[in-house]
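Throughout, read-outs are computed from the coordinates displayed, never taken from laboratory work. All values derive from a computational prediction rather than experimental measurement. Here the Cβ is made from the backbone with ideal geometry for all residues, glycine too, and neighbour counts use every protein chain on show.
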């Protein structure tokens, strides 16, 4: 049966995804897994080797007979760039065709920066991780805060960047860099990073909670990233919080006053920004702390350092945040029943000082129902985890361009140079 160019591109994409998922696979196994005739699989494998997207090597096993030939992604097949940003930080990373990190960049967003300036900073971060040699960029993935429409490539809205509404981010970046650009909510891109590289690897049902200037939940259900009917799933930080203790409420008073009837939003109590602001409010009200006299605004390093010194005020504020977040996670767990919840963001530097009260609150909430508590752990991906997830998103969404007769071409429209199969 003759395949259309779209069907061929889809099949080639499926072959690449399968090779990556296995880490190494023979032609026979690949054909079986994809339900293809060995001859058909062989045709497309040869094209991918010729285009420098795959390598085929002989593996030494020590057994008698001919060594098996194994297909793997060719690191030199091209590069993908991932960008992850929120209210104050832009993180960018470049990875090769085999998912290996190559270069990274960190840019700052200043309070009050215009939409145009934020987009310009994103472009600058991408520029800094572009290859300095002849390697080609194939696609860019961007983890965007707030509501995103991945299909149209539009960043719909985000509370913490002024006038961030209906930003045609994918189109703008694609025109500038000349490659496809794929958008996803940044909490979901963090979940993808955990699914492919981190604490979620091998898990079918888990949540990744991003704790930064806002709060978001990336949900992997039945092994697939869940976006919701309107691409708004995971807006976890917009939940209302009514679990503040009376004595701590004044520290969050400027926020709580805005929502006196329903309580403040969760991200105005349990985010990094909320913890920093509550501490500053408490200090202004004369509360004693090792942070007294520290230059404002307080940094995450200041907060972590005070907790490590067992400062009573700082531990009280972070415990309030952990309890509020634990209450919300407990409600999520009752609805979704995930096997694992992965926390990501700067507050994970607090380790067990944050995890212990959070886990206790979740367990107390779930105990009456008899529901088994999920495993709750900190991410090990580091500050560039979301950017790696965005790069992996680009890698998985990207499809090779086809010329006549199904030949693969690079982004400029010319067939890539021929390569030889290597022998291991």
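Distance between the pseudo-spin-label points of residue 124 and residue 149 (7 Å out from Cα toward the beta carbon): 3.0 nm. What shape does region 219-310 have by the C-alpha gyration tensor, where a ≥ b ≥ c are the square roots of the eigenvalues, rounded means a/c under 1.5, and otherwise prolate means a/b greater than b/c and oblate the rest? Oblate is the answer for region 219-310, as a/c is 1.5 or above yet b/c matches or exceeds a/b. Measuring nothing but how far apart in sequence close Cα pairs (under 8 Å, 6+ apart) lie, relative to its length, the chain scores a relative contact order of 19 percent. Quotient of the Cα radius of gyration of region 201-378 and 2.2 N^0.38 Å, N being its number of residues: 1.03. Looking at the chain as a GNM with Cα springs under 10 Å, which of 235, 111, 320 has the largest mean-square fluctuation? Highest fluctuation among the options: 111.
I'm spelling it out carefully: the read-out is volume of the Cα convex hull per residue in Å³, the candidates are (1) 148; (2) 220; (3) 177, and one was derived from this structure. Which label? Label of the calculated value: (3).
Taking other C-beta atoms within 10 Å as the exposure proxy, 307, 241, 22 rank 22, 307, 241 from fewest upward.
Mean-square fluctuations from a GNM of the chain, with a 10 angstrom spring cutoff on Cα atoms, peak among 365, 219, 91 at 365.
Among 344, 247, rank each residue by its count of other Cβ atoms within 10 Å, from fewest to most, as a rough exposure measure.
The most exposed by this proxy come first: 247, 344.
For the chain, modelled as a GNM whose springs connect Cα atoms under 10 angstrom apart, the maximal fluctuation among 359, 288, 212 occurs at 288. Normalised by the number of residues in region 201-378, the mean separation of alpha-carbon contacts (under 8 Å, six or more apart) gives a relative contact order of 24 percent. Look at the Cα gyration tensor of region 105-163: its axes a ≥ b ≥ c give a/c of at least 1.5 with a/b at or below b/c, and that counts as oblate. Compared with the dominant principal axis of the Cα atoms in the chain, helix 5-22 is inclined by about 70°. Under the classification rounded if a/c is under 1.5, otherwise prolate if a/b is larger than b/c and oblate if not, where does region 75-222 fall, given a ≥ b ≥ c as square roots of the Cα gyration tensor eigenvalues? Oblate is the answer for region 75-222, as a/c is 1.5 or above yet b/c matches or exceeds a/b. Axis angle, to the nearest 10 degrees, between helix 272-284 and the longest C-alpha principal axis of the chain: 20 degrees. Could you please state, rounded to a whole Å, how far the C-alpha centre of region 270-285 is from the C-alpha centre of region 224-249? If we compute the Cα centre of each part, the gap is 20 Å. Given the chain, what percent of its DSSP beta bridges are antiparallel, to the nearest 5? If I count the DSSP bridges inside the chain, around 65 percent turn out antiparallel. In terms of other Cβ atoms within 10 Å, 290, 335 run from fewest to most in the order 335, 290.
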